Amino acid sequence: MTFYCIRGENLSKSYRVLGRNNQKQLYRDLSLAIRPGELVGLFGQSGCGKSTLGDILLGLKKPDRGDVFWNEINISQAGQKKRKELRHFYQKIHQEPGSSFPPQQRIEDALHDIVRLRQPDSDHDSCTNKIASTIQELHLEKELLNRYPDQLSGGEIQRFALARVLLNNPVFLVADEPTSRLDYSVQAKIIRLLMQIAAKNKMGVLLISHDHALLEVACRRIVILDQKHPEM
């Protein structure tokens, strides 16, 4: 039996068009499953519902119909306690990575807060060691931890946003246009890191982009969102 870290079955979603009485259908009866370590691309033009689908899989939005399974647990039927228990294993990084960090807090302090939130009994040294190991994996210099978000380059803050996610030990990640605001050379580095970490940590990834060429390089499989006929 194939194990999936996340699975959506027969998902349908529409939204009401402002100023009109009708609704726009984003997709109907869409099914998607991602295995541990698999990086799947999600392609489509603006307004087709890419980010909405990512949020549905993360339980941040509800589908009109259909079910989402985390580790084969139907989250719409799971109790609040079970959802909370699983919540931090299902993460997201945005195209605005700076929004993940309080502007008046050093990066190191923000990352310490994440570790202590997940591991309340961790002492300062164990938190520091976990952070050091994570940022080393992302090729980030230790000295950067003393900086504030607005003192980092686009590539640096995006990698720290990824570090913040990895400290939660996720099994699934939605990467929503994570490189769209970076130049091409930095884009390539971030995508390579994402591919390596997904494989190493057995983390399923849904990579959302309007750049089909980028997805072809990074992903073995691409879902093309079309309101009428989603292509798998």
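The values are calculated or read from the model by the stated rules, or taken from the named source; none is laboratory data. Everything quoted here is computed from the prediction, not taken from an experiment. Ideal geometry is used to build each Cβ from the backbone, glycine not excepted, and the neighbour counts take in all protein chains shown. The accessibility values were calculated without ligands, DNA or RNA, using every heavy atom of the protein model including side chains. Shrake-Rupley method; radii C 1.70, N 1.55, O 1.52, S 1.80 Å.
Data overview
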| item | result |
| --- | --- |
| Unit charges on C-beta of K, R, D, E only; dipole of the stretch 167-228, Debye | 320 |
| Violating pairs (Cα-Cα greater than 29 angstrom) within the set Lys24/Lys81; Lys50/Lys200; Lys84/Lys142; Lys81/Lys130 | Lys24/Lys81; Lys84/Lys142 |
| Kirkwood hydrodynamic radius over Cα pairs of the stretch 17-120, then Stokes diffusion coefficient at 4 °C and 1.567 mPa s, in µm²/s | 77 |
| Within the chain, helix-based [θ] at 222 nm, where runs of 4 or more DSSP H residues each add -39,500 (n - 2.57), nearest 500 | -10500 deg cm²/dmol |
| Equivalent ellipsoid semi-axes - Cα gyration tensor, the chain, angstrom | 30, 21, 17 |
| Length-normalised contact order of the chain in % [C-alpha pairs under 8 Å, at least 6 apart] | 31 |
| Accessible-area composition of the stretch 42-104, carbon plus sulfur, in percent [1.4 Å probe] | 49 |
| P(r) tail fraction, the stretch 95-173 - alpha-carbon pairs more than 18 Å apart, % | 34 |
| Charge dipole (the chain, unit charges on Cβ, about Cα centre) - positive-most of Phe172, Ile93, Ala132 | Phe172 |
| In order through the stretch 45-57: 3J(HN,Hα) via Karplus (6.51 cos²θ - 1.76 cosθ + 1.60), integer Hz, x for Gly, Pro | 7, 4, x, 8, x, 4, 5, 4, 5, x, 5, 5, 5 |
| Tail fraction, Cα-Cα pairs, the stretch 140-192, threshold 17 Å, whole percent | 40 |
| Residues of the chain: accessible area per residue with a 1.4 Å probe, Å² | 54 |
| Gained length - Lys24 relative to Ser126, 0.36 nm times residue gap less alpha-carbon distance | 31.7 nm |
| Computed over the stretch 149-232, Kirkwood Rh from alpha-carbon pairs, angstrom | 13.8 |
| Computed over the stretch 1-138: relative contact order in percent, which uses C-alpha pairs under 8 Å that are six or more apart | 21 |
| Charged-residue dipole, Cβ positions (Lys, Arg, Asp, Glu), the chain about Cα centre, Debye nearest 20 | 800 |
